[in-house]
Amino acid sequence: MSKKMLRTWLTASFGLLASGAFAQQVDSLSFIRSKRMSDDDLAKKREGRFVTGLPDLSSDPVTGVGFGVKTNIIWNGNRDNPLFAYTPYLMRLRANAAYYTSNARELTLSLDVPYYKGTRWRYRLDFKAQQNPANLYFGSSEATLGRLRLPSNPGVTFATYAEYDAARKALRPGQPGEAAEVTDALSNRFRETEVMLNLKADYALGKGKWRVMGGYEIQHLSYATFQGTKAEATLPVTGQQTTAPNGTALLRRDAQQGLIFGLDGGWVSIIQAALIHDTRDFEPDPTRGVYFEAANEFSSPVIGSQFSFNKLFFQGRAYRKLPVGKRTVLAGRVGVGNIFGKEAPFFEFQDQWSPDGSINALGGRQSLRGYRANRFLARSLAFANAELRIRLADVKLGKQNFGLGVAPFADAGTVRDRWQDLGFRDVRFSYGAGARIAWNLSTIIYADYGLSKEDRLFYFGIGQNF
């Protein structure tokens, strides 16, 4: 996409949002009455403007340990503001920067303005620049539901990730196009570099339980695999450690065979649309209500993209406060998605776009916490999550409120090459438990430990899973 076209899109998008914002008059707020916070949470909500800042000490099995800063500037207004009891904040500016031990790094900026000046409009602006050399790729079809296997020898399979990880480091004779002796230590990894800008707005309908949303996103992506790169290796007989060139990556093999598209990267231009039903009482950490969305992303050369695809995703969440303890909430989610387009790029298989935050699929912290990210990948997917969020204690330190809790969970999911074949066959399960700290209600710190028959994984960071 040319710079001139990019400027045209951004100018048009900002113009439409601005005209909607200033044309809309303050409503009677009937559209937001169903979202009133509980009396208990409302009593803890801070007034005015405040900053939350945390050192980013996150941990993920794929990207490694993260170091950085996660900050929020939150404008809540005063208690006499008509919106105070009905919105998580009047405005939030989020700025995150992180570096990971895998050499991944990320910068994100996000502005969120719900119910702008008491109107039915909500505006969001997101920017991201990131590079991640630790992305995993196990294939892009329902065959990934099978056991783990090496790219160079798919006839041999492994029951656990630990067995597979040890086997792929073993020194082996090179195949055509490879060095004389190679390792597969990096053959399931690839590097992604991304710069993204997203602008979207939604409008509350009727009494506010339903919203329509439109948005535009532009991003530039580039990819690299690691064949020929010096990597860890072990001698097959003695197990002695050494180094050797990495063999041909699985992603490169699949691209050469025409099984995947998009390895060369490029410009992606996307128009987004969604229909949303939302009755949650407090978005960052709900105690009651439901959330449903039908979300669509459309990309085509007609709008300046180098790729053609259409992604459709349905998601439903439900929250119910149980009459047990201080604050016990049963939370559940179900999601179903499909990608249309004969040559849809492989990277679009890796996540499902949601107006409430994209979901990496299938595997990892956001979907199946007992499996590695992208462990199961195909054109269609379905998954479900359940959590019991139990508040054990509330602590106040100065002006800061902290809620301490635990959250046992269970996850399930599957993938298919055609949406018509989605069902209850070959479903993969994981389970585990986590700890939760609610800082001034809006900032949720999590630590989750997920288990499956294949792996044991630990996650640490900020934000509820759903």
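Which residues among segment 32-69 fall inside the zone where the amide N is under 14 Å from a point 7 Å beyond the Cα of Asn81, along Cα→Cβ? Only 45-51 pass the distance filter.
Amide H contacts for Ser354 (H built 1.01 Å from N in the peptide plane; partners 5 or more residues away or on another chain; cut-off under 5 Å): Ile359. In segment 95-181, the C-alpha radius of gyration followed by the widest Cα-Cα span (Dmax) gives 21.8, 68 angstrom. Once you reduce segment 111-132 and segment 80-97 to the center of their Cα atoms, the two points are 11 Å from each other. For a straight C-alpha distance cut-off of 26 angstrom, the lysines reachable from Lys453 (same-chain residues fewer than eight places away being disregarded) are Lys169.
Give the shape of segment 108-151 as rounded, prolate or oblate, defined through the alpha-carbon gyration tensor: a ≥ b ≥ c are the square roots of its eigenvalues, a/c under 1.5 means rounded, and otherwise the shape is prolate if a/b is larger than b/c and oblate if not. Each step should come with its number before you reach the end.
Working: a/c = 7.17, a/b = 2.59, b/c = 2.77.
Judged from the Cα gyration tensor, segment 108-151 comes out oblate (a/c at least 1.5, b/c at or above a/b).
Segment 332-356 and segment 182-219 have Cα centres lying 10 Å from one another. Along segment 151-163 the Karplus relation, 6.51 cos²θ - 1.76 cosθ + 1.60 evaluated at θ = phi - 60°, assigns HN-Hα couplings of x, 7, 8, x, x, 9, 10, 9, 7, 10, 5, 4, 5 Hz to successive residues, with x for each Gly and Pro. Computed with a 1.4 Å probe over protein heavy atoms only, the accessible surface of segment 93-151 comes to 40 Å² per residue.
Report the residues of segment 101-118 in range of a label on Val195: point 7 Å along Cα→C-beta, backbone N strictly under 18 Å from it. Within reach of a label on Val195: 105-110. Of all aspartates and glutamates in the structure, the ones whose alpha carbon falls short of 14 Å from that of Lys342, not counting any fewer than 8 places away in one chain, are Asp417. Quick one: pull the percent of accessible area on the chain belonging to carbon and sulfur, 1.4 Å probe, ligands and nucleic acids left out. About 60 percent, which is the carbon plus sulfur part of the accessible surface. Packing, taken as the mean count of other beta carbons within 10 Å per residue, orders the peptides 230-240, 100-110 from highest to lowest as 100-110, 230-240. Taking amide H positions as modeled 1.01 Å from N, with prolines and chain starts lacking one, the residues under 5 Å from Arg327 and 5 or more places away or on another chain are Arg391. Each 10 Å bin from 0 upward holds the following percent of the Cα-Cα pairs of segment 196-320: 11, 24, 22, 18, 15, 8, 1, 0. Each residue of segment 81-98 was assigned a 3J(HN,Hα) from its phi angle through the Karplus expression (A = 6.51, B = -1.76, C = 1.60, θ = phi - 60°), giving 6, x, 8, 4, 7, 10, 10, x, 5, 7, 7, 9, 10, 10, 9, 10, 9, 8 Hz with x at Gly and Pro. Per-residue packing, averaged as other Cβ atoms within 10 Å, sorts the ranges 217-225, 255-263 into the order 217-225, 255-263, beginning with the highest. Once the Cα atoms are used to define both axes, helix 3-23 deviates from the longest principal axis of the chain by about 30 degrees.
Pairs from the table (Lys44/Lys396; Lys117/Lys311; Lys321/Lys399; Lys35/Lys396) lying more than 21 angstrom apart at Cα are Lys117/Lys311; Lys321/Lys399; Lys35/Lys396.
Packing order of peptides 419-426, 349-356, highest average first: 349-356, 419-426 (average count of other Cβ atoms within 10 Å over each peptide's residues). Rounded to the nearest 20, the size of the Cβ-charge dipole of the chain about its Cα centre is 1220 debye, with Lys and Arg at +1 and Asp and Glu at -1. Can you list the aspartates and glutamates whose alpha carbon is less than 15 Å from that of Lys230, not counting same-chain residues fewer than 8 positions off? In chain and number order, the partners are Glu178, Glu181, Asp184. Taking amide H as placed 1.01 Å from N in the peptide plane, Ala134 has its amide H under 5 Å from the amide H of Glu192, each at least 5 places away in sequence or on another chain.
In order along segment 266-281, the phi-based Karplus estimate (6.51 cos²θ - 1.76 cosθ + 1.60, θ = phi - 60°) of 3J(HN,Hα) comes to x, 7, 10, 10, 9, 9, 10, 8, 7, 10, 10, 10, 9, 10, 4, 7 Hz; Gly and Pro are listed as x.
The values are calculated or read from the model by the stated rules, or taken from the named source; none is laboratory data. Only a predicted model underlies this, so the values are computations on that prediction, with no experimental measurement involved. Cβ coordinates were reconstructed from backbone atoms using ideal geometry, including for glycine residues, and neighbour counts include every protein chain displayed. Ligands, DNA and RNA are excluded from the accessible area calculation, which covers all protein heavy atoms including side chains. Shrake-Rupley method; radii C 1.70, N 1.55, O 1.52, S 1.80 Å.
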